[in-house]
Every structure is written in structure tokens, then in C-alpha cells.
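Report on one structure; see the data block that follows.
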Amino acid sequence: MMLNRVPGASSRLGQAKLGQRSRCVQPVYATAAVPSINDIRKESLQRLPLDKAHTFNAKFVPFKDVQHHKLSGESYSLDEVVYRSSDGSLLDVYHDMNALAQYGPDYWKAVFDARVGTTAWPYGSGVWSKKEWVLPGLSDDDIVSMFEGNSNLFWAERFGRESLGMTDLWVKQCGNSHTGSFKDLGMTVLVSQVNRIRKQRPGSISAVGCASTGDTSAALSAYCAAAGIPSIVFLPADKISLAQLVQPIANGALVLSIDTDFDGCMRLIKQVTAETPIYLANSMNSLRLEGQKTAAIEILQQFDWQVPDWVIIPGGNLGNIYAFYKGFKMCKDLGLVDKLPRLVVAQASNASPLYKAYQDAKGELKNLTNSYQPVKAKMTFASAIQIGDPVSIDRAILALQDANGIVEEATEEELMDAAARADRTGMFNCPHTGVALAALTKLRARNVIGPNDRTVVVSTAHGLKFTQSKIAYHSQTIPNMSCQFANPPVAVKEDLGAVMDVLKKKFNI
């Protein structure tokens, strides 16, 4: 038997000090001495697991157990089709932390660092490179992955310096993914688990369905298509971009365009999945959060396991704020880092029930639950977070309370201006990232966030999915919006003199 490192262990992109720790820690996995196989999935089956991997396990428990820091005894196998606890509350994926703690923090750092950016199945994925912390009992052969994750952490040097007077501003580009949003991180986990269940119990799940404001449906349809699993999406009619609509159509999903908002679609899909063998893929299903939490672990890796001061996350259904919190907390609990970053939830003013609760509670996080009330969401350019009754409100409140968090909001003009202003420094932001950037601008103006604070803005989707809103902004056709950073094209006749006149005026030449 040979002990081998993952190929390319020292080829991390965009990170300094790489490989120093990995070279002095024992190899990350063992392989049997077998002839080379030209199939990375088959090769993974020849790989021997970590020595104590058989002790790792995860299960569903009531989220209330997590809130109360005490297990009630109620639990469910991840192989069961279950979304709620016996009293109707949310579930959470609970890991045996004592089992994971059998390996020390330096070992986990070496394991994760060595796997990044390789072609070893499934560790080339940013999600599955942390497999032991995600779904430890899942066979590599059941995993449905497009090597998602590993998204770049972009130093927003010019925007930070010129617009905010900041030296250490970073943007985590989660939209640089297969379907253009962070939803891929969670969907690879959910569809992989569904793939396992369908193999174990043929006929138990006929399709996977979701309600969506666009990005969830794109991720679900793509991963189901890769696995050969039928998918169904419920979309609110005329409330998502054409780019978002065409993705599930192209991937072969059954697309239902329903005359309601996201909350109405959510009510319908919950009723449908309760009565049919259609598996629910929305974020009330905590499997997705297991994948999304790996983006937080990835941020720590990219900072060489140093904790940023702030992480700002756009918030709609609020599962992502809890997912990031969970990733950071696992690293802290297992000794990889010694603290949590402060978390900021950024909401669009037209769909901001958590912000309103935060204001009513006068910023007292302990009073958030009592002050929270759902709202009727209004139209917003940040359509993916146009949600007035978020499923993960309790999860988000726990994350904010434990991470000493803040909630901020952005008006339509503020979010569009913030996205456009940042675009002028080389970015290409979606409106949701605009919400987070606008929230950062406000917090910086009040000096809540300092000029030298290491701050990460989470960009949840790619700007190319929202070109309609950018066209409207730069053509200055949005009612009651000045669009101060608009940059419309200049119409010029086919004449050198006319062209020179424009150039002279623009560049003073």
C-alpha cells in the first residue's frame, strides 16, 4: 500500500504561504496499489478512507436542539425523506463533533488545503473537499458534482480605497460557479443525497422540486440533469430575469410559471411534496446548508486560516447567513480558528422583515424573535431575495446572536448605485451584491466598519444573470431613479471630426 497526497496539493490559486503546513503533516489519504484507471469516479473507489472515517456520522435533529445546545433524543437518518421535526419546526444536520475532533486542527487544514484545485473525485469540488464535514456517510459514487466552489476571493482594492477609504476589502465571488450562483454549493449536496436514496429505494423519489426566485431553480435543474433525475420548478410569473428562466428550461426541468410571488410558490410546493413522492429542494431542507457552509470554510482557507473582521451577506430566505455561520462555527469548535467574524445581513428595503425586526428591537439581538413579523415583499431588482416570510428566520437569528451580528438595508436606488459604482472598478455585480455593497457603504459611513477592518462581501450571483437591470440603469429608464453612475453609449456619426469631438470632451485632449 502507498500513502499518496492528492495531485496538485501545492497549486492553490490566489493564496500566499501555500503548502507550508501540508508538507509537514501526514498524507491526506491512502490508496491501494492498483493500475491506473481512466475514470476518476472508479479511481475514488480504490482510495482508502481516513483511518477513523468510520466514526464520522451526521443525522437530522430538530433545529430547536441546536438553539438550546441540548439534544432531545429526536433524530432522523439522512436517508429518510423528512423536512420537519415532530412539532413542525425546522431540522438541522448534526455532526458528531467528537468524532471529527479525533483529528487535530492542523490535520484538517492539511487535508482541506491539499485537496483544493485537484481533479481527484470528488475532492476537486470546493464542497466535497470538505466531505467529512458535509455528508461523511455518502459514497463517492453517489456524489453528483460539477466541481463547484473554489470561487475566487477578489481584493476590491480600488473600490475599497476610492469609494470607502478601506484597505482590506474583499468580495467572495460565489456567483463564479456552474449555474452562476452560490446555490450550486447546496444543490450538489441535496441532489447527491437524493441520488443515494433513489439507489437504495427505487421508486421512493420520482422527482425533485423547488419554489424559486430564479437561482435555486437553475441549480436544481442542472444537478438533476447531470444525475438523470427529473426536476420541477415553481417560478413566480414575471418576477425573475430571462437568464434565470431559461436555465431550468434548457436543463429539461418542468417549469411552472405561477401567478404569485415566491411565498405563494413556496406554499404550493410544500403542499405538493407532502402528497407526492416529489422531494423538496428548498432551503427549509437543511441538506443544502451543508454545502453552502463550505464557502465560509473556503474564505478561511483563502486567508491562510485567519478570520476576517466582517462578513456581509445578502439575505432573503436567510438560509445562507446560517450556513456561513455554521461553517465558521465548525472551524472554531474544531480549533482551526479561535473566533467568529461578525456577520451582517443585508436586505433590500422592499423585502426586509429581519431589518424591520432589528430596528424594532433597537439593535438588541436577544429581542429579535419577539420583534419579528413577516411582511408582504414588494418588487425589487434584487429578485432572489424578494421574500417577505423567510423560512430560515430562526436560523438567521441564532447566527446573528452568536456572531454579534448586524442587519442593514438598501433602497432600490442605493443597491443599484452601489452595484454600478463597484462595476466601475472592474466588478460586474448582481443586484443582490449591490445590496451588500450598499449596506457596507452605510456601515462604513457610520464608522461601524473601520478603514482597516478586513471585510468580506459575499457576492451570491453573477451579474450576467441580471443584464436587464443593468441595461435599464445605464439607459436611465428606471422611474424615479437618478442613476448617478449611468454610463450610456454615445451616438456618433461616421465622421472623424465627430469622433474626435467626443474624445476631446471626455479626455481633455
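The values are calculated or read from the model by the stated rules, or taken from the named source; none is laboratory data. Here the structure is a predicted model, which means the values were calculated and not measured. Glycine also receives a Cβ, built like all others from the backbone with ideal geometry; neighbour counts cover every protein chain displayed. All accessible areas refer to the heavy atoms of the entire protein, side chains included, with ligands and DNA or RNA removed. Shrake-Rupley method; radii C 1.70, N 1.55, O 1.52, S 1.80 Å.
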Q.
Through the Karplus equation 6.51 cos²θ - 1.76 cosθ + 1.60, θ set to phi - 60°, convert the phi angles of the range 57-70 into ³J(HN,Hα) values in whole Hz; use x for Gly and Pro.
A. 7, 9, 8, 7, 9, x, 4, 4, 4, 5, 4, 8, 6, 7
Q. So what is the calculated 222 nm ellipticity per residue for the chain, using -39500 (n - 2.57) for each DSSP H run with n of 4 or more, over all residues, to the nearest 500 deg cm²/dmol?
A. -10500 deg cm²/dmol
Q | Stokes-Einstein diffusion coefficient of the range 200-278, Kirkwood radius over Cα pairs, 25 °C, 0.890 mPa s, in µm²/s | A | 196
Q. Hey, if we sort Leu245, Leu169 by accessible area with the 1.4 Å probe, largest down, what's the order?
A. Leu245, Leu169
Q: Could you order Arg47, Arg115 by accessible surface area, starting with the largest, using a probe radius of 1.4 Å?
A: Arg47, Arg115
Q. Taking the Cα centre of the range 65-120 as origin and charging only Cβ (+1 Lys, Arg; -1 Asp, Glu), how large is the dipole, in debye to the nearest 20?
A. 200
Q. Within the range 462-505, whose backbone N sits under 19 Å from a point 7 Å along Cα→Cβ of Arg158?
A. 463-464, 474, 484-489
Q) So between Thr55 and His474, what do we pick up on full extension, going 0.36 nm a residue minus the alpha carbon distance? A) 145.2 nm
**Q.** Convex hull volume per residue for the chain, taking Cα atoms only, in Å³
**A.** 174
Q.
If R₀ is 56 angstrom, what is the calculated FRET efficiency for the pair Tyr107 and Phe485, using the beta carbon separation as r and rounding to 0.05?
A. 0.70
**Q.** Per-residue SASA entry for Glu157, accessible area with 1.4 Å probe, Å² rounded to 10
**A.** 80
Q: Averaging over all projection directions, find the projected area of the Cα convex hull of the range 211-250 and quote it in nm² with one decimal place.
A: 2.4
Q.
What translational diffusion coefficient, to the nearest whole µm²/s, does the range 343-386 have by Stokes-Einstein, given a Kirkwood radius computed over alpha-carbon pairs, a temperature of 25 °C and 0.890 mPa s viscosity?
A. 226
Q) Translational D (Stokes-Einstein, µm²/s) of the range 298-411 at 4 °C and 1.567 mPa s when Rh comes from the Kirkwood sum over C-alpha pairs? A) 91
Q. Just the accessible area for Leu71, please: 1.4 Å probe, Å², rounded to the nearest 10?
A. 80
**Q.** Along principal axes, Cα extents of the range 65-162, largest first, whole Å
**A.** 51, 40, 29
Q: Would you mind checking the range 363-400 for residues with the amide N under 18 Å from a putative spin-label position 7 Å along Cα→C-beta of Ser257?
A: 383-384
Q. What percent do you get for the relative contact order of the range 374-509 when only Cα pairs under 8 Å and 6+ apart count?
A. 19
**Q.** Full-stretch length increase - Leu503, Thr411 - with 0.36 nm per residue and alpha-carbon distance subtracted
**A.** 29.6 nm
Q: Heavy atoms only, probe 1.4 angstrom, no DNA, RNA or ligands counted: give me Asp360, Asp215, Asp453 ranked by accessible area, highest first.
A: Asp360, Asp453, Asp215
Q) How much FRET efficiency would the formula 1/(1 + (r/R0)^6) give for Thr167 and Val82, where r is the Cβ-Cβ distance and R0 is 60 Å, rounded to 0.05? A) 0.80
Q | All-pairs alpha carbon distance profile, the range 373-440, 10 Å steps from 0, percent | A | 20, 42, 31, 7
Q | Whole-number percent relative contact order across the chain, with pairs defined as alpha carbons under 8 Å at least 6 apart | A | 13
Q. Considering every pair of different Cα atoms, what Kirkwood radius, in Å, is found for the range 394-509?
A. 16.7
Q | Ranked packing of 465-473, 390-398, most packed first, by mean Cβ within 10 Å | A | 390-398, 465-473
Q.
With +1 on the Cβ of every Lys and Arg and -1 on the Cβ of every Asp and Glu, and nothing else charged, how large is the dipole of the chain about its Cα centre, in debye rounded to the nearest 20?
A. 700
(Q) P(r) for the range 130-207, please, calculated from all Cα pair distances in 5 Å bins and given in %. (A) 3, 14, 17, 15, 14, 11, 8, 6, 5, 4, 2, 1
